[in-house]
Each structure stands twice: as structure tokens, then as C-alpha cells.
Amino acid sequence: MLKAENVTKKYGQQTAVDDVSLKVQDNAVTVIVGESGSGKSTLARMLSLIESPDSGEIILDDKKTDRKSAKANRRLVQLVMQDAASSLDPHQSARQVIDEPLKLLLGFDKAKRAKRTDELCDMVQFPKDRLKNKVSELSGGQQKRLCIARALAAEPKYIIFDESFSGLDVTLRRCILTMLKKLREKLETGFLIITHDLDTAMYMADRIYVMRFGKMIETLDDPKSFLDFKENYSKELVRAAEYKRQALKL
Ligand code: ADP
Ligand code: MG
């Protein structure tokens, strides 16, 4: 399990994350919902061991992390960010993008890398005939799949998706989420999905956390029972999602 325990992070006077605790379970999808500026990305960077908290602990498989162990363990928590294009090198080929972690993090030889790349393409439904193409020649959806393949290539225990699906059109988003849902069931990996979209949360989550103004205001262990939200803000999120659905006659 990946845990944040009473984690606080400040930038100058601004408290981005305020005494937050959460658990990312293995073999499950945990979701954080919250509006922009609520501290989700800051929390994601701390959970990915990229930044350290000012106070509180990030605990990876029952061990407290510090700066030193964070570096050694970074492979185990992969972060997939919102903007695929800016997190990829446009001059690299798709094959190079997947090859890098296989070579540098896992030390696989060439034959093993080729085999694994093939498997990863199947897992994320990336077209193999596009492996030779440069990143800049791929569609938005293909770039997104490539980012997910790169994260999986590192053989992490956890993958954090920070608004990774926000920029996609609805049909493509649903397609990628369905792929991830099936993939999650086959893997041991724990997923943490961060979104401002309650529909994505409802579709994916085994457990939902709601963040607001840097604080974790609510946890729902059974996301099927959305009516059990206690906080007004969370109820408002549900109402907004229902309104959208009715407006679209879904
Ligand atoms: P979210 O991802 O929910 O939109 P963020 O974690 O990005 O929220 O931001 C939370 C708050 O912390 C915001 O007010 C933001 O301006 C501030 N913040 C985040 N990162 C930095 C940073 N590197 N430097 C200064 N302020 C930051
Ligand atoms: Mg963010």
C-alpha cells in the first residue's frame, strides 16, 4: 500500500496540501476528485516521491520514505500527467519512449525489450506499426497510450494519473478508461486517478476521496452509493454530474 499520513505542503504563505491522509490500495482504483487548486497535483507529486512534504509521511509498503529512499523507489510509483505532448520528447520515436525505462530502469537486453514492447503495445492498444513514428507524428490518443505504456514499462507498483484523461474527447476518454479498467483487473498495480470529473470517478473508483482547499474532506468506500456523501460540497459534485447526464439525456 502507498500512503500519505498527515501530509502538509506549503509554497510560501500558501498551504497547498493541509494535513492530508490517504491510502492507495494495491489491486484497486482509488480516485481523488476536487476542483482546480485544491492541492491534488501537489499531493500527487509527493506520492510519486518527486517532492517531499514539509510535515507528515509518505509510506511505501509499510516503510517511511525520506529523500534518499525516495530516489531509489521512484520507479515504483509512476506519474502520468495531463499533457501527454509536453511529457514526451517530440523527437523520440514511440519505440524509444518505451525502450528507455526497459533499458535504463530494468536493464533488459535488446531481445527482451522488443518482446516487452510488443506486449505493452497490446496492453494499451497502441498500434505497433506506429512504433517507428516520432512522437510528434502521433495523435493525442496515441500519445496518451504511449505515456501509459511508458509508465507500465517501469513495472511500477502504483500508477498515478493526474488529470490524464481531461483533454481527451468523451468517446476516446471512455475507450481509454475501459482499457485501463480491464488492465487493472489483470495486474497487481494500484491505480490512483485524479480528476475533477465525477463521471470518471464513478466509472472507475473502488474508493473515492474528495479534496477541497488543500484538505481531504470526505472518503467514500463504496462508490456505488454516491448518495452516501455527507459533505454538501460532495453532494453538489454528484448533483452537477447528474445535471450533465440529464442535459445530455444519457
Ligand atoms: P490542483 O492540482 O488540485 O489544481 P495544485 O496542487 O496544483 O492543485 O495547487 C494547489 C495550490 O498550490 C494552488 O493554489 C497552487 O497555486 C499552489 N501551488 C502548486 N504548486 C506550486 C508551486 N510549485 N509553487 C507555488 N505554488 C504552488
Ligand atoms: Mg492539478
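The values are calculated or read from the model by the stated rules, or taken from the named source; none is laboratory data. This one's a predicted model, so the numbers in the text were calculated from it and none came from an experiment. Every residue, glycine among them, receives a Cβ derived from its backbone with ideal geometry; neighbour counts consider all protein chains shown. Only protein heavy atoms, including side chains, enter the accessible area calculation; ligands, DNA and RNA are left aside. Shrake-Rupley method; radii C 1.70, N 1.55, O 1.52, S 1.80 Å.
Any residue in region 52-66 that is surrounded by fewer than 15 Cβ atoms within 10 Å (Cβ to Cβ) and within 22 Å of PHE165 (Cβ to Cβ)? No. Would you confirm whether or not region 90-104 contains a residue that is touching a residue at least 24 places away in the same chain (Cβ under 8 Å), exposed (fewer than 15 other Cβ atoms within 10 Å of the Cβ) and in contact with a helix residue (DSSP H, G or I) (Cβ under 7 Å, 6 or more places away or on another chain)? Yes, region 90-104 contains at least one residue that is touching a residue at least 24 places away in the same chain (Cβ under 8 Å), exposed (fewer than 15 other Cβ atoms within 10 Å of the Cβ) and in contact with a helix residue (DSSP H, G or I) (Cβ under 7 Å, 6 or more places away or on another chain). Exactly one residue among THR195, THR189, THR171 is at pLDDT 95 or above and of a type outside the set (A, V, I, L, M), and that residue is THR189. In the set ALA70, ALA44, only one residue is closer than 29 Å to ASP221 by Cα, open to solvent by less than 40 Å² (accessible area, probe 1.4 Å) and more than 16 Å from ligand 2 (Cβ to nearest atom); that residue is ALA70.
Is at least one residue of region 17-31 surrounded by fewer than 16 Cβ atoms within 10 Å (Cβ to Cβ), more than 14 Å from ligand 2 (Cβ to nearest atom), modelled with pLDDT of 95 or more and under 17 Å from PHE213 (Cα atoms)? Yes, region 17-31 contains at least one residue that is surrounded by fewer than 16 Cβ atoms within 10 Å (Cβ to Cβ), more than 14 Å from ligand 2 (Cβ to nearest atom), modelled with pLDDT of 95 or more and under 17 Å from PHE213 (Cα atoms). The numbered conditions (1) among the aromatic types (Phe, Trp, Tyr); (2) in contact (Cβ under 8 Å) with a residue 24 or more places away in the chain; (3) open to solvent by 80 Å² or more (accessible area, probe 1.4 Å) are all true for TYR203 except (3). Which of the residues belonging to region 67-87 are closer than 13 Å to PHE161 by Cα and away from ligand 1 (no atom under 16 Å from the Cβ)? Those that are closer than 13 Å to PHE161 by Cα and away from ligand 1 (no atom under 16 Å from the Cβ): VAL77, GLN78, ALA84. Scanning region 4-31 for residues that are under 15 Å from the mean Cα position of the chain (by Cα) and under 22 Å from LYS64 (Cβ atoms) yields LEU22, LYS23, VAL24, GLN25, ASP26, THR30. Among residues of region 148-174 being more than 11 Å from the chain's Cα centre (by Cα) and under 20 Å from ILE98 (Cβ atoms), the one that is surrounded by the most Cβ atoms within 10 Å (Cβ to Cβ) is ALA153.
Each residue in region 10-20 was checked for being out of contact with any Gly (no Cβ under 8 Å at 6 or more places or on another chain) and either under 21 Å from GLU163 (Cβ atoms) or assigned to a strand (DSSP E or B) (or both), and 3 pass. From the list TYR209, TYR233, TYR243, TYR158, the lone residue that is farther than 24 Å from LYS115 by Cα and modelled with pLDDT of 90 or more is TYR209.
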